[in-house]
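What follows is a single structure, written as C-alpha cells, with notes after it.
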Amino acid sequence: MGKKKQGQFSSSWGFVLAAVGSAVGMANVWGFPAKMGSYGGGAFLIAYLVFIALFGSVGLAAEYAVGRRAKTGTLGSYRMAWSTRGSAAGQAGAILGWLPLAGSMCIALGYAVIIAYVLKAFAASLGGSLMTADTAVWFESFSLADYSVIPFHAIVVVGTLLTLFLGAKSIEKTNKVMMPLFFIIFVILAVRVALLPGAAAGYRYMFSPRWEELLDPMVWIWAMGQAFFSLSITGSGMIVYGAYLHKDEDVAALARRTALFDTIAALVAALVIIPACFAYGLDIGAGPSLLFVTLPRILQDIPLGRLFAIILYTAMVFAGVSSLQNMFEAVGESLLHRFPRMSRRLALVLLCLICLGIGVNMEPIFKWGPWMDIVSIYIIPIGATLGAISWFWIMPRNDLLEEVGQGAGKAPGQLWYSLGRYVYVPCAVILCCVALFLKVAF
C-alpha cells in the first residue's frame, strides 16, 4: 500500500489474474445472468460486448496508467491528475478522490455480508443439510434475522485482510490459485447443466438475439452499467492495482486481457444459471434468492447434487474474496498514502474493525440490500464519472498518452484519446444521470 511496502506484481499474468479477480464477482455470477435474462438475452449480450470492448480498451487502460504514473492509489492519483491545473486544483482533486474511495469502502461493507451468506451455503452443502432443507425457509432463517452470520462474516473479513498482508505479492499469489479454480469449477458446472432436459432453450435465448430488442434504450443502459461495474471501473479499485505495475508493462494490452477473461467468466456463469433456470422454469432475475433458494433446489434434484453444491459455493467464495481484496486494498493503500507513519498491519486492523463493526449490524437482507442500492445509485456512478472526467478532461492529454504508451509496442494515438474523451466519458455521465434521476441500482 502506498510508498510503504508497496511491492509490485511479479508478472503480467499475475497482474491480470488479480485484476480479473477484482472484476469477477457477484456482478458476474448473478448480475450478468439476471440482466441478460431480463433484458433481451442475445440482444443484451451484443450491447454488453460493445461496451466491454470500449471500456476495457479505454477506461480500464486509463485507470491502470494513472495509478502507475502516480505510483499510488485513489487519493494520490486524483491529486496528481488535478495538480496539473495548479496547486489549488491539486488540493481539490485530493478531496474529490475521497468520494470514489468511500464507494470502495461502502460497497465492501455490504459485499462482505453477501460472501458470508455464500460461505454459510458452502458449509451447509459440505455438511449436507442444504440437500434436505426447504431452501426458502432455510434462506429466510438467516437473511431476515439480525446477527445471523457473524462467524462466517468474521471469517470472510479477517481471511480476506490476511491475504493483503504482503501487498501485491500476496494478492498475486492468492489469485493465481483462486481464479484458475473459479474458471475450472464453472466449466464443470456448465457441462453438468448442459445435460439437463430443457437446457437447450436457455442457450437459444442467450445466443439468438431478437434484433428489435436493440431498439430499446434500456437494453443499452443496463448493458453499459453492467460493463462498467463488471470491470470494476469505479474511479478507485483498479487504480491501486495499476500502481503496482512495472513501468515496462503494456497497460493497454493488460486491460484488454482483463476485459476478455472477465467476459469469459460472465458468460460461463450465464451458461450455468440461464439454462438451469430454463430447464426448471425458474425466474432468472430473482437476485440473491437465485443463489440461495433456486439453485439449491435444483441441486437437490440432480445426481451428485451435494458435490455440485460444494463446487458452486467454493467458486463463489473465490469470486467474492478476490473482489473484496481489491476494495480493501484501495482503501488501505490510500490510508497509508495519506498517513505515511501508519503501518500496513494497523491499516488492516482498522479496516477489519470498520467493516465488522458496521457490517454485523446490517446482516439481514432488508438492511444490506437498500445499503447496496444507495451505494450503486449514488456513490459508485459519481465516482466512476469523476474518474473518467479527471483522466480525459483534467489530466493533460500528452501525460495520459505517454503513460498508456509506456511499455507498449505501439503507443495509442488520437483515436484512442478521442474515444475516451468523447465516448467513454459521456457514457459515464449518462450512467450517472440514469442512476441518480431514475433511482436505478446497477
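Taking helices (runs of 4 or more DSSP H) that do not extend beyond the stretch 393-442, which have at least 3 residues that are under 25 Å from the mean Cα position of the chain (by Cα), β-branched (Val, Ile, Thr) and at negative phi? Break it down stepwise before answering.
On the way: elements: 397-405, 414-419, 425-438.
Here the list reads 425-438.
Out of (1) over 25 Å from MET80 (Cβ atoms); (2) under 25 Å from the mean Cα position of the chain (by Cα), what's the single condition that is false for LEU351? Of (1) over 25 Å from MET80 (Cβ atoms); (2) under 25 Å from the mean Cα position of the chain (by Cα), only one is false for LEU351: (1). Between LEU49, LEU54, LEU99, the distinction of being farther than 27 Å from LEU415 by Cα, surrounded by fewer than 23 Cβ atoms within 10 Å (Cβ to Cβ) and either at pLDDT 95 or above or under 21 Å from the mean Cα position of the chain (by Cα) (or both) belongs to LEU99 only.
Taking only pairs six or more apart or across chains, which ones have beta-carbon atoms under 7 Å, a first residue in the stretch 296-316 that is farther than 19 Å from GLU140 by Cα, and a second residue that is not in a helix (DSSP H, G or I) and not β-branched (Val, Ile, Thr)? Once the first residue is farther than 19 Å from GLU140 by Cα and sits in the stretch 296-316, its partners that are not in a helix (DSSP H, G or I) and not β-branched (Val, Ile, Thr) give ARG306/GLY128. Taking GLU212 as the residue in question, decide whether it is closer than 26 Å to LEU438 by Cβ and surrounded by fewer than 24 Cβ atoms within 10 Å (Cβ to Cβ). Against the criterion (closer than 26 Å to LEU438 by Cβ and surrounded by fewer than 24 Cβ atoms within 10 Å (Cβ to Cβ)), GLU212 qualifies.
Within the stretch 62-96, if we keep just the residues that are closer than 21 Å to ARG421 by Cα and among the β-branched types (Val, Ile, Thr), the residue that is surrounded by the most Cβ atoms within 10 Å (Cβ to Cβ) turns out to be THR74. Against the test of being in contact (Cβ under 8 Å) with a residue 60 or more places away in the chain, open to solvent by 40 Å² or more (accessible area, probe 1.4 Å), in contact with a helix residue (DSSP H, G or I) (Cβ under 8 Å, 6 or more places away or on another chain) and within 21 Å of ALA53 (Cα to Cα), the options VAL429, VAL423 yield a single qualifying residue, VAL423.
Taking the criterion of being within 14 Å of VAL118 (Cα to Cα) and open to solvent by less than 10 Å² (accessible area, probe 1.4 Å), the residues of the stretch 296-311 that qualify are PRO296, ALA309.
Condition check ((1) open to solvent by less than 20 Å² (accessible area, probe 1.4 Å); (2) over 24 Å from PHE229 (Cα atoms)) across all residues:
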site	(1), (2)
MET327	no, no
ARG338	no, yes
TRP368	yes, no
ILE374	no, no
ALA384	yes, no
ALA408	no, yes
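Within this structure, GLY359 passes the test of being touching a residue at least 24 places away in the same chain (Cβ under 8 Å), farther than 26 Å from VAL50 by Cβ and either part of a helix (DSSP H, G or I) or in contact with a strand residue (DSSP E or B) (Cβ under 9 Å, 6 or more places away or on another chain) (or both).
Of all the listed residues (SER129, SER83), the sole one being at pLDDT 95 or above and within 30 Å of ILE302 (Cα to Cα) is SER129. GLY103: out of contact with any His (no Cβ under 7 Å at 6 or more places or on another chain) and closer than 30 Å to PHE139 by Cβ, yes or no? Taking the combined requirement at face value, the residue satisfies it. Summed over the stretch 178-209, the residues that are more than 27 Å from SER323 (Cβ to Cβ), open to solvent by less than 70 Å² (accessible area, probe 1.4 Å) and basic (Lys, Arg) give a count of 0.
So, restricting to helices (runs of 4 or more DSSP H) that lie completely within the stretch 193-272, which ones have at least 2 residues that are more than 15 Å from ALA61 (Cα to Cα) and out of contact with any strand residue (DSSP E or B) (no Cβ under 9 Å at 6 or more places or on another chain)?
199-207, 217-230
Can you name the residue in the stretch 148-177 that is in contact with a Lys or Arg (Cβ under 6 Å, 6 or more places away or on another chain) and open to solvent by less than 30 Å² (accessible area, probe 1.4 Å) and, of all such residues, is nearest to TRP368 (Cα to Cα)?
Our first condition is that a residue be in contact with a Lys or Arg (Cβ under 6 Å, 6 or more places away or on another chain); within the stretch 148-177, this holds for 149, 152, 167.
Of the ones still in play, those that are also open to solvent by less than 30 Å² (accessible area, probe 1.4 Å) are 149, 167.
Values: VAL149: 13, GLY167: 29 Å.
The selected residue is VAL149.
The values are calculated or read from the model by the stated rules, or taken from the named source; none is laboratory data. As the structure is a computational prediction, the values presented were derived from the model and not from experiment. Quick reminder, even Gly has a Cβ in these numbers, built from the backbone with ideal geometry, and neighbours come from all protein chains shown. Each accessible area value is taken on the protein alone, full model and side chains, heavy atoms only, with ligands, DNA and RNA left out. Shrake-Rupley method; radii C 1.70, N 1.55, O 1.52, S 1.80 Å.
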